[in-house]
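The values are calculated or read from the model by the stated rules, or taken from the named source; none is laboratory data. Everything quoted here is computed from the prediction, not taken from an experiment. Here the Cβ positions follow ideal geometry from the backbone for every residue, glycine too, while neighbour counts run over all protein chains shown. Ligands, DNA and RNA are stripped out before the accessible areas are found, and what is left, the full protein with its side chains, is counted by its heavy atoms. Shrake-Rupley method; radii C 1.70, N 1.55, O 1.52, S 1.80 Å.
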Amino acid sequence: MDNTTDSLLETFLFETNSLLEQLDERLINAEKAGSFTEDDVNEIFRSMHTIKGSSAMLEFHSLMEVSHHIEDLFFYIRENGMDALDDEQKSDLFDLMFKSMDRLRDDIVRVENSQPLDADITDFINEINGFLKRIQKAGEAGVSASSLTASGGNLSPGIQYKTDAPYLLQVFFEPDCGMENLRSFMLVTALEEKDLSFQFFPEDVETNSQTKTIIAENGFILAFASQEDAESAIRVLKNTSNIHTYELIPNATEAQKSETSPTDTEHEKSPQTAAAAGTQPSGASATLPSHAKQSLISVNLSKLDKLMAVVGEIVITESMVIASPELQNVKLDNFLKSARQLRKLTDDLQDIAMSLRIVSVSSVFQKMNRIVRDMKKTLNKDVRLTIIGEDTEVDKTIVDSISDPIMHIVRNSMDHGIEDDVQDRLDAGKDAQAEIILTAKHTGSEVIISVEDDGKGMDTAAILAKANRAGLLTKPEEEYSRKEILSLLMLPGFSTNSEVTEFSGRGVGLDVVRKNVEAIGGVISITSEKGKGSCTTLKLPLTLAIVDGMEISIGGNIFTIPIANIRQSFKATNEDIILDASGHEIIKCMDEFFPIVRIRDLFQMQDGFTDLSEGIIMWVEASDKSYCIFVDQLIGEQQVVVKPFPPYLNNFNIKRSGISGCTVLGDGNISIILDVANMYTAAQEMF
Amino acid sequence: MSDTAVVNNIEEVQEETARFLTFTSDNLVFGVSTDNVIEIITNYMIRPLPMVPDYIRGVINLRGQIIPVMDMRLRLGKPFMEYTSSTCIIILEIDSIRIGIVVDSVLQVQNINTSLASPIPIENRQELTNFMLSLDDGTVVLFLDCEAIIRA
């Protein structure tokens, strides 16, 4: 593939994916409301048209076919209104639409992975067509006047078009002028420029060259909602070359309908105008006020990463220049002034660069709607998903990596959390409909995402017994606190459901979730009350690139500890130390005992304090690990730009020793960023 | 016809000679292809890293890039020598991985006819080297096997 096709393909994938995502959201909302609004129908129709057009251009036939048939289906619905469908049909329609969405998405995934598309789509197409026929039949019985494939007036048979617009214009091109389809399309474009709303048949003149014979034989049909539109179109026709004849034909079916229900027509015309605009995606955003055109561009994420890296460099270099030792003790008024200005500008630049990567979590949250919907049906549980704070914004990398964990937690809640039997809920005095609340909120430097259900809660005794059977316990059962028991759930190989269900319970569950969350520097915790429900909380950093850190020094070397991990720092004397049986140091803090890790010993450093009274103790915490570290001194708080270690060093498994990356300080020196969770593991392995 | 033959001939000769940077470490002379050399720096502040083999001296900040630094003496199992003013760090790029090596001193860049190089006798084989060659002035140059360096 050459470059043009590549970038076309990229645009196609991006566009189609975002359309499908929007459609999904619409479908979910519509299903909740029980019906499609006029706006929904138009939007679906419009999106399908766009997908059809672009996939035809790139020759993805199965995508084109599926979207084409959905478009047909919605054309019918648009013409007849959702009210023509009874409840059963509506629910069938929703199921069919969800299935189609999945189908389209699968195809897109295949295109992304450059796999061949499934050529055998006849079954699926038949399913859509079958449904269309069914509702048509029902519709015909009810409203005899509306018909889908009526050939209006005295047109020759063989041309199929579906409209009930009252004014039809049949245009014949000069015989043997050739390329009738392109001429028709140019005509359409010319009419669009006049801001006329109309439909035209055959619809696929732009993409299908076969239509030229049809047009040559039967003419090109333009359908107008009003006589004025038709008349101004005729004026355009008069100025177009190669047109042989044209004829204005009143649409018989529509005339009849307006006679029988004159009040209805007025009502129907307005959606038609909007709908007709919907057939031309380019014009749609201009004519529908609700879709104000936003000027957006899509940028490759790696470019943003590079930008962020350069901005980080600038911030560091700036402080190197300003804090340059040559400038100390020299009074330079103008320099200081400019330096302050520069600092302000670099701060702004950093903020803007950061904000480029920030997106809202709504895309992830909306996906959960779909999961809850599907599971609701399969598990036969009545659950509503409440979403709070979906506008909360986080770094793109974080949003991408929390999608799977959240999905897993929601599935767990649906599967294990919510009671299987409604009677159980009623007995416990709860609503028959269970609720899962998905919340996101900002708290200063982090974002907190929680998944809460009002189900049966977790049975700590059962968890403990199960963990015991699985041999996961490291101390006697009675010594486990509630919090510790709940964190057992996140150990590898733990799953409370003895039966493996379709959705969860494969034994790889929360441990993977925890790993994913911790990989991006987050913390996961579970709280639960038996009978009342459970809540899983994720604490995530806002961004991975910049960390609020505390600079500490040990033997002249500088380290950075993320502020988020620090609970407290305090002085201690040698008398405060308690030794356990194997000689490990323990200290009491806030009425609890914590082990002490001396970083100097852990990292086998030459220099550094050994006397506890000289240095300072820091109480740190990461996920379920809470302990104290001994360092020489605190230097101060600083925002640092995280740099990963060069890949060569991964040969030495450097991450496992409790360091997660490094950062360049204002004076050009390197500070190592400590990873509180892994440091403790490393210390335990060592001693 | 004859013109192209001459050109081909020249290319052949050029292919055989390559530019090498020579340096010393523990009194041995090493050569590394200039294709792999990015730059030579002196007097750099090395930040030690915990829990790595002793030959990894740490990382340096080379204009914002974090680059690991390896001590050639320690890597070859020789005793450590305090760094002096002639100690250099040669920054190499091997398969787009950058690494610095600490050497006792840098000698020069010279054209070496690689076709004269011979494999190192198996019993005398040094780690990290693959070929050896004696120069006109009698010094023996060991060629650094760059891939072996980044193999940890």
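So, with +1 on the Cβ of K and R and -1 on the Cβ of D and E, and no other charges, what is the size of the charge dipole of the stretch A:359-541 about its Cα centre, to the nearest 20 debye? Walk me through the numbers on the way to the answer.
Values: 24 positive and 30 negative charges, 48 e Å.
Using Cβ point charges on Lys, Arg, Asp and Glu, the stretch A:359-541 gives about 220 debye.
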Förster radius 25 Å - calculated FRET efficiency between residue A:625 and residue A:461, Cβ distance, rounded to 0.05: 0.50
message: Using the basic label-point model (7 angstrom from Cα toward the beta carbon), what is the residue A:59 to residue A:390 distance in nanometres?
response: 3.9 nm
query: Is the shape of the stretch A:1-72 best called rounded, prolate or oblate, per the rule: a/c under 1.5 gives rounded, else a/b larger than b/c gives prolate, else oblate, with a ≥ b ≥ c the square roots of the Cα gyration tensor eigenvalues?
result: prolate
message: Need the C-alpha centroid separation for the stretch B:48-107 versus the stretch A:65-143, integer Å.
response: 65 Å
message: Among B:38, B:87, B:49, which residue has its Cα furthest toward the positive end of the charge dipole of chain B, with +1 on Lys/Arg Cβ and -1 on Asp/Glu Cβ?
response: B:49
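Hand me the trypsin sites (Lys or Arg not before Pro) from the stretch A:303-364 located in a DSSP loop with no more than 16 other Cβ atoms within 10 Å, in residue order please. Provide the component values of the computation, followed by the final result.
Numbers: sites: A:303, A:306, A:331, A:337, A:340, A:343, A:344, A:357; in loops: A:331, A:357.
In loop regions of the stretch A:303-364 (DSSP not H, G, I, E or B), the sparsely surrounded trypsin sites (Lys or Arg not before Pro) are A:331.
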message: Based only on Cα atoms, what mean projected area does the convex hull of the stretch A:541-652 have, in nm²?
response: 8.7 nm²
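Given a 1.4 angstrom probe, I'd like the percentage of the accessible area of the stretch A:359-541 that is carbon and sulfur, rounded to a whole number.
Numbers: 4180 of 8480 Å².
Roughly 49 percent, rounded to a whole number.
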query: Which residues, if any, in the stretch A:626-648 have at least 50 Å² less accessible area in the whole protein complex than in the isolated chain, probe 1.4 Å?
result: A:646, A:648
- request: In vacuum, with every alpha carbon of the stretch B:19-149 counted as one equal point scatterer, what does the Debye formula give for log10 I(q)/I(0) at q = 0.12 Å⁻¹? Two decimals, please.
  value: -0.45
task: State the answer as a single residue: which of A:383, A:450, A:408 lies farthest towards the positive end of the charge dipole of the stretch A:359-541, with beta carbon charges of +1 for Lys and Arg and -1 for Asp and Glu, about the Cα centre.
output: A:408
- request: Please give the residues of the stretch A:428-456, grouped as numeric ranges, whose backbone N is less than 19 Å from a label point set 7 Å along the Cα-to-Cβ vector of residue A:382.
  value: A:428-437, A:453-456
task: Would you mind listing how long the stretch A:361-422 runs along its three principal axes, going by Cα atoms, in whole Å with the largest first?
output: 40, 17, 16
task: Provide the buried accessible surface between chains A and B in square angstrom, both chains summed, 1.4 Å probe, rounded to the nearest 100.
output: 1900 Å²
- prompt: Restricting attention to the stretch A:527-595, which trypsin sites (Lys or Arg not before Pro) occupy a DSSP loop and are surrounded by at most 13 other Cβ atoms within 10 Å?
  reply: A:530, A:571
- prompt: Over the Cα atoms of the stretch A:290-444, how large are the radius of gyration and the largest Cα-Cα distance (Dmax), in Å?
  reply: 24.8, 81
- prompt: Expressed in nm to one decimal, what extension gain is obtained for the pair residue A:482 and residue A:305 from 0.36 nm per residue of sequence separation less their Cα-Cα distance?
  reply: 59.5 nm
query: Which parts of the stretch A:30-68 would a label at residue A:117 reach, counting a residue when its backbone N lies under 16 Å from a point 7 Å out along Cα-to-Cβ?
result: A:48-68
field: Alpha carbon centroid spacing (whole Å) that separates the stretch A:558-614 from the stretch A:376-430
entry: 41 Å
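Taking N as the number of residues in the stretch A:3-142, what is its alpha-carbon radius of gyration divided by 2.2 N^0.38 Å?
Values: Rg = 15.2 Å, N = 140, 2.2 N^0.38 = 14.4 Å.
Cα-based Rg divided by the globular estimate yields 1.06.
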message: Step by step: find N for the stretch A:301-357, compute 2.2 N^0.38 Å, then divide the Cα radius of gyration by it. What's the final number?
response: 1.34
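For the stretch A:359-541, state the semi-axes of the equivalent ellipsoid (square roots of 5 times the eigenvalues of the alpha-carbon gyration tensor), sorted largest first and rounded to whole angstrom. Please report the intermediate quantities before stating the final value.
Working: eigenvalues 122, 94, 42 Å².
That gives 25, 22, 15 Å for the three semi-axes.
Length gain on complete extension for the stretch residue A:322 to residue A:129, per 0.36 nm per residue less the alpha carbon to alpha carbon distance? Provide the component values of the computation, followed by the final result.
Details: separation 193, 0.36 × 193 = 69.48 nm, distance 7.15 nm.
Result for the pair: 62.3 nm of gain on full extension.
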message: About the Cα centre, and with charges only on the beta carbon of Lys, Arg (+1) and Asp, Glu (-1), how big is the dipole of chain B? Nearest 20 debye, please.
response: 800 debye
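Given +1 on the Cβ of Lys and Arg, -1 on the Cβ of Asp and Glu, and no further charges, what dipole in debye does the stretch A:546-686 carry about its Cα centre, rounded to the nearest 20?
Working: 9 positive and 19 negative charges, 100 e Å.
So the dipole magnitude of the stretch A:546-686 works out to roughly 480 debye.
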field: aspartates and glutamates whose Cα lies under 14 Å from that of residue A:381, excluding same-chain neighbours fewer than 8 positions away
entry: A:415, A:419, A:420, A:421, A:424, A:431, A:435, A:453, A:454
- request: Compute the acute angle (0 to 90°) between the alpha-carbon long axis of helix B:2-16 and the principal axis of greatest extent of the alpha-carbon atoms of chain B; round to the nearest 10°.
  value: 30 degrees
query: Considering protein heavy atoms only and a 1.4 Å probe radius, which residues within the stretch B:29-60 exhibit an accessible-area decrease of no less than 50 Å² in the full assembly relative to the chain by itself?
result: B:47, B:49, B:50, B:51
query: Using 1/(1 + (r/R0)^6) with R0 = 30 angstrom and r between the beta carbons of residue A:333 and residue A:667, what's the FRET efficiency to the nearest 0.05?
result: 0.80
field: Theoretical FRET efficiency, 1/(1+(r/R0)^6), r = Cβ-Cβ of residue A:637 and residue B:114, R0 45 Å, to 0.05
entry: 0.20
field: 1.4 Å probe, heavy atoms, protein only - residues of the stretch A:652-666 losing at least 50 Å² accessible area vs chain alone
entry: A:652
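So what is the 222 nm mean residue ellipticity for chain B from helices alone, if each DSSP H run of at least 4 adds -39500 (n - 2.57) and you divide by all residues, rounding to the nearest 500 deg cm²/dmol?
Numbers: 3 runs with 23 residues, N = 152.
Roughly -4000 deg cm²/dmol at 222 nm, from the helical runs in chain B.
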field: Gain on full stretching of the segment that runs from residue A:18 to residue A:340 - 0.36 nm per residue minus C-alpha separation
entry: 111.6 nm
field: Average accessible surface area per residue within the stretch A:406-488, 1.4 Å rolling probe, Å²
entry: 48 Å²
